[in-house]
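What follows is calculated from the coordinates using simple rules that are stated; it is not laboratory data. These numbers come from a predicted model, not from an experiment. Note that each Cβ is placed from the backbone with ideal geometry, even for glycine, and that neighbours are counted across all protein chains shown.
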Amino acid sequence: MYKTIIGLEIHTQLLTKTKAFCSCSTDHFNSIPNQNICPICTGHPGTLPALNEEAVKLAVKAGLIFNGTINKFSRFDRKNYFYPDLAKNYQITQHFFPIVSNGYITIEGKKIRIKRMHLEEDTAKMFHEGDQISTAQESFLDFNRSGIPLLEIVTEPDIESPSEARMFMEKLRNLLRYAEISTGDMEKGALRCDANISIVNLENNQTSKRVEIKNINSFKFVEKALEFEQERLIKNLEANIKMIQETRGWDSTRKETFPMRTKEDDVDYRYFPEPDLPPLILTDEFIDHIRSTITEMPEEKAKRFMIQYDLPQYDAEILTSDKELADFFEKCVKHAKDAKFVSNLIMTDLLRELKENDDEIENLKIKPEFFGELKELMDSNKISSKILKDIFPEIYKTGKSPKDIVKEKGLEQIDDESELRKIIEEIIKENPEEVEKYKNGKKKLLGFFVGEVMKKTKGKANPQKTNEILLELLEKE
Ligand SMILES: [Zn+2]
């Protein structure tokens, strides 16, 4: 029996308009390289940092939603090291006195404790051109990212499996997005994760060395990298292989971790208090004000959905698991005026399409008013639920209105009794053996006849009327 011990260090970019210590824009995705820079964020000697109040507000907000203690006294420190993406040769961070201590997030009823959360600045971004194997030809530096405020969130080693680590990251991101603290976009680097893992053999208390996996940039990879490392460490323990405390990276193409550096290479950062920034003192009024700006969070929203829309808890929890999804649902209900109808469609068909196409809610082609159209088409018996399921992927992919698709493809339900009766009479004539069996008590064959009608009408027959006519004709005599 082995026990897995995992702790996470997460860096998240705060959603401020300007950088942590200067007034440059943080919009590094819609800018050309080195567009949003100034002497402060490019580390010119003699420049002075000025703290962005917005970053402090967001850090406090994060502290509050993660149940943390907001420290009224915190302070900035210099973390000294050399790397080309760090022009000052030191990073401003909060080493000794973080802005938030303690806190927790609940995952399936279990508390995962947060040890601390602190403010720091992001570094510049490096690009390497040329192949990685021979000597690199050129490297480029983009300082647009340099100085963007980061919140580092450090958990206690309370996580016990790779899937729990993934769930933690997903919940954290969801809460950060709900409270508009960060976009939480892992692919764009707005949320980055380092994971520590070690293994204990519960039978003899033998412990593996601790391994840190650096810079994991997707939820899937958090789980995959930890699964790989968990297995590797257990194998090493079983084979009694001498291990070293090391830092490893995740190679997502080869699906394995690789060594980056050992603990012996670790540098002493010579932290000392940042002389150019005064200690950060927060008042109760300030913290109370931030508390008052926190809007509806997922649990509250789920409760409201259950009451306002009369939804089961299961539906409400899935729909509120993502803020954009919850907003989309509410817009659709405004048009369809039937919450359960919308909820069913979203939870089965829409979520399936989103997953299959790897899409984001923000970029959907399907419009909320289409849910109103679909409801109308169903209520007026123009289409069956089978046709609805059939056309949903096309509505999703093309963004064409359901009414147009139904008209274009001639999918309107056959509702006309005499027309249906004609079709059914033909089917009965064509299958005398089955009719005989039915009459001799094999009532299950009704399904066979319904199937035949649907085949002949390409699924367009009104199911209820089909049933009625079939029963009437089969039970005759
Ligand atoms: Zn700047």
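Scanning the chain for chymotrypsin sites (Phe, Trp or Tyr not before Pro) in DSSP loops with at most 15 other Cβ atoms within 10 Å, what's the longest stretch left with none?
The answer is 272-477.
Grab the beta carbon distance between Glu156 and Thr283, set R0 = 22 Å, and tell me the FRET efficiency rounded to 0.05.
FRET efficiency, Glu156 to Thr283: 0.15.
Give, as a single signed number, the net charge of other residues whose beta carbon lies under 13 Å from the beta carbon of Arg254, with Lys and Arg counted +1 and Asp and Glu -1.
Charge balance in the 13 Å sphere: +1.
Could you give the length gained on full extension between Glu472 and Gln35, defined as 0.36 nm per residue of separation minus the Cα-Cα distance, in nm?
Answer, rounded to one decimal: 149.6 nm.
If you place +1 on the Cβ of every Lys and Arg and -1 on the Cβ of every Asp and Glu, how big does the dipole about the Cα centre of the chain come out, in debye to the nearest 20?
420
Test of understanding: ordering Asp416, Asp122, Asp85 by Cβ neighbours within 10 Å, fewest first, what list do you get?
Placing the least packed residue first, the sequence is Asp416, Asp85, Asp122.
Along the positive direction of the dipole of the chain (beta-carbon charges: Lys, Arg +1; Asp, Glu -1; about the Cα centre), which of Cys332, Thr155, Ala20 reaches farthest?
Thr155
Quick check: residue separation of Phe96 and Asn201 times 0.36 nm, minus the Cα distance between them. What number comes out in nm?
Answer, rounded to one decimal: 34.4 nm.
Quick check for me: using +1 on Lys/Arg Cβ and -1 on Asp/Glu Cβ, what's the dipole size of region 28-156 about its Cα centre, in debye to the nearest 20?
Result for region 28-156 is approximately 780 debye, rounded to the nearest 20.
For Cα pairs less than 8 Å apart in space and 6+ apart in sequence, what is the mean separation divided by the residue count of region 298-408, i.e. the relative contact order in percent?
Contact order relative to length: 23 percent.
Go through region 156-259 and name the trypsin sites (Lys or Arg not before Pro) that are in a DSSP coil and have 12 or fewer other Cβ atoms within 10 Å of their Cβ.
Those that pass, being in a loop and sparsely packed, are Lys188, Lys242, Arg254, Lys255.
Non-local amide H neighbours of Leu280 (under 5 Å, H modeled in plane, Pro and chain starts lacking H): which ones?
So Leu280 has HN proximity to Ser74, Arg75, Phe76.
Taking just the alpha-carbon atoms of region 351-417, what radius of gyration and Dmax come out, in angstrom?
According to the Cα coordinates of region 351-417, Rg and Dmax are 12.5, 44 Å.
Using only Cα atoms, figure out Rg for region 407-467 and give it as a multiple of 2.2 N^0.38 Å.
Cα Rg divided by the expected 2.2 N^0.38 Å: 1.18.
Below 8 Å between Cα atoms, with a sequence gap of 6+, how large is the relative contact order for region 119-239 in percent?
19
Could you give the C-alpha radius of gyration of region 16-91 expressed as a fraction of 2.2 N^0.38 Å, taking N as the number of residues it contains?
Taking N as the residue count of region 16-91, the ratio is 1.28.
Any chance you could give the angle, 0 to 90 degrees and rounded to 10, that helix 385-398 forms with the longest Cα principal axis of the chain?
40
Counting only C-alpha contacts under 8 Å and six or more residues apart, can you give the relative contact order of the chain as a whole percent?
Computed over the chain, the figure is 13 percent.
Calculate the FRET efficiency for Arg421 and Glu180 from the Cβ-Cβ distance with a Förster distance of 60 Å, rounded to the nearest 0.05.
0.50
If you average 1/r across every pair of different Cα atoms in region 298-408 and take the reciprocal, what Kirkwood value do you get, in Å?
Value: 14.1 Å, from the Cα pair sum.
Go through Ala225, Gln94, Ile181 and say which Cα lies farthest out towards the positive end of the charge dipole of the chain; charges sit on Cβ, +1 for Lys and Arg, -1 for Asp and Glu.
Ala225
Where in region 326-396 are there GluC sites (Glu not before Pro) that are in a DSSP coil and have at most 14 other Cβ atoms within 10 angstrom of their Cβ?
Glu360
Please list the radius of gyration and Dmax for the chain, considering alpha-carbon atoms only, with Å as the unit.
Using the Cα atoms of the chain, the pair Rg, Dmax is 29.9, 102 Å.
May I ask for the angle, rounded to the nearest 10°, between helix 463-475 and the longest principal axis of the chain, with both axes built from Cα atoms and the value confined to 0 to 90°?
With rounding to tens, the tilt is 30 degrees.
Which one of Ile287, Asn201, Met167 has its Cα pushed farthest toward the positive end of the charge dipole of the chain, where Lys and Arg give +1 and Asp and Glu give -1 at the Cβ?
Towards the positive end, the residue furthest out is Asn201.
Evaluate the distance, in nm, between pseudo-label points positioned 7 Å from the Cα of Arg352 and of Ser252 along their respective Cα→Cβ axes.
Taking the simple label geometry, Arg352 and Ser252 are separated by 2.7 nm.
Measure out, as a whole number of angstrom, how far apart the alpha-carbon centroids of region 320-382 and region 142-165 sit.
Result: 33 Å between the Cα centres.
If each DSSP helix of 4+ residues adds -39,500 (n - 2.57) and the sum is divided by the residues in the chain, what number results at 222 nm, nearest 500 deg cm²/dmol?
Estimated from H runs of four or more residues: -12000 deg cm²/dmol.
If I take R0 = 30 Å and measure r between the Cβ atoms of Asp390 and Ser321 in this structure, what FRET efficiency does the formula 1/(1 + (r/R0)^6) give, to the nearest 0.05?
Between Asp390 and Ser321 the formula returns 0.65.
Please check which bits of region 200-222 a label hung off Ile241 would reach, taking the label as a point 7 Å along Cα-to-C-beta and the cut-off as backbone N under 13 Å.
209
Give the share of C-alpha pairs in each 5 angstrom bin for region 2-286, from 0 to the last occupied bin, in whole percents, shortest bins first.
Answer for region 2-286: a P(r) of 1, 5, 11, 15, 17, 17, 15, 10, 6, 3, 1, 0 percent.
Mind listing the Cα extents of region 26-171 along all three principal axes, in Å, largest one first?
Reported extents, whole Å, longest axis first: 51, 40, 30.
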